[in-house]
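Student: Take this structure, written in structure tokens, and hold onto it; I'll ask about it next.
Taken together, the values in this text are just the output of simple stated rules run on the coordinates, not laboratory data. Owing to the predicted nature of the structure, the values given are computational and were not obtained by experimental measurement. Cβ coordinates were reconstructed from backbone atoms using ideal geometry, including for glycine residues, and neighbour counts include every protein chain displayed.
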Amino acid sequence: MLKIGEILYTEEVIKARVQQLGAMISKDYEGKTLYVVGILKGALIFMADLVREIQNPVRMDFMSISSYGNATQSSGTVRTLKDLDLDITGQHVLIIEDIVDTGLTVDFLKNSLCLRNPASLKVCVFMDKPAKRKIDLEIDYIGYTYTGEDFLVGYGLDAGEEGRNLPYIATIKE
């Protein structure tokens, strides 16, 4: 059973930040159709809220990538579990990810999708956790940066598939 620790970001605070991100993305892609690639399962809630804040035409697709399995530590090995259904050649692509810690998954995604010749490729993450970063990584849009070492749950983030449905972000007690 998941034990919730400190609540870091409330539902209201998250909603306001998602609105801000949507406005920034809308401005940056003004006059363009945006091809949004959500990374399952974690980014689903964030992506659903974010695309409703984007004022541009949006196309959506999903990928499923794993480096955790059911653990709370990254295995360091990135695997594609589900690839895109649509062609991104010549599209303005925005990867939507729930959290970046080691950076290995997003680096893998960027490298893989770049080979498909999109017109542009950017990354939007809900939570950046640079303390665990293993590689240098450019992230174009960041919801929040968390400098602690705690494992976080809520708003799509999970611990062994638990806690995704929480409307806030919290630490867990181990």
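Student: Have a look at THR145, GLN55, SER66 and report the one farthest towards the positive end of the charge dipole of region 11-150, computed about the Cα centre with Cβ charges (Lys/Arg +1, Asp/Glu -1).
Tutor: Towards the positive end, the residue furthest out is SER66.
Student: Determine ³J(HN,Hα), in whole Hz, for all residues of region 162-174 in sequence, where each value follows from phi through the Karplus function 6.51 cos²θ - 1.76 cosθ + 1.60 and θ = phi - 60°; x replaces Gly and Pro.
Tutor: Rounded to whole hertz, the list is 9, x, 4, 7, 5, x, 10, 10, 9, 7, 10, 8, 9.
Student: Moving to a separate point now. Counting other beta carbons within 10 Å of each residue's own, what order do VAL106, VAL51 fall into, fewest first?
Tutor: VAL51, VAL106
Student: Next question, about the same structure. In debye, nearest 20: dipole of region 11-150 around its Cα centre with unit charges on the Cβ of K, R (+) and D, E (-)?
Tutor: On the way: 16 positive and 20 negative charges, 43 e Å.
For region 11-150, the charge dipole is close to 200 debye.
Student: Now for a separate question. Determine the shape class of region 92-174: with a ≥ b ≥ c the square roots of the Cα gyration tensor eigenvalues, call it rounded for a/c under 1.5, and otherwise prolate if a/b is greater than b/c, oblate otherwise. The partial results should precede the final answer.
Tutor: Working: a/c = 2.32, a/b = 1.82, b/c = 1.28.
Prolate shape, in that a/c is at least 1.5 and a/b is the bigger ratio.
Student: Ok, one more. Remind me, what semi-axes does region 119-161 give for its equivalent ellipsoid, largest first in whole Å, using sqrt of 5 times each Cα gyration tensor eigenvalue?
Tutor: Numbers: eigenvalues 84, 39, 18 Å².
Working from the Cα gyration tensor, I get semi-axes of 21, 14, 9 Å.
Student: What is the distance in Å between the Cα centres of region 42-60 and region 104-174?
Tutor: Cα centroid to Cα centroid, the span is 16 Å.
Student: GNM on the chain, C-alpha springs below 10 Å: top fluctuator among VAL13, VAL37, VAL153?
Tutor: Sorting by GNM fluctuation, first place goes to VAL13.
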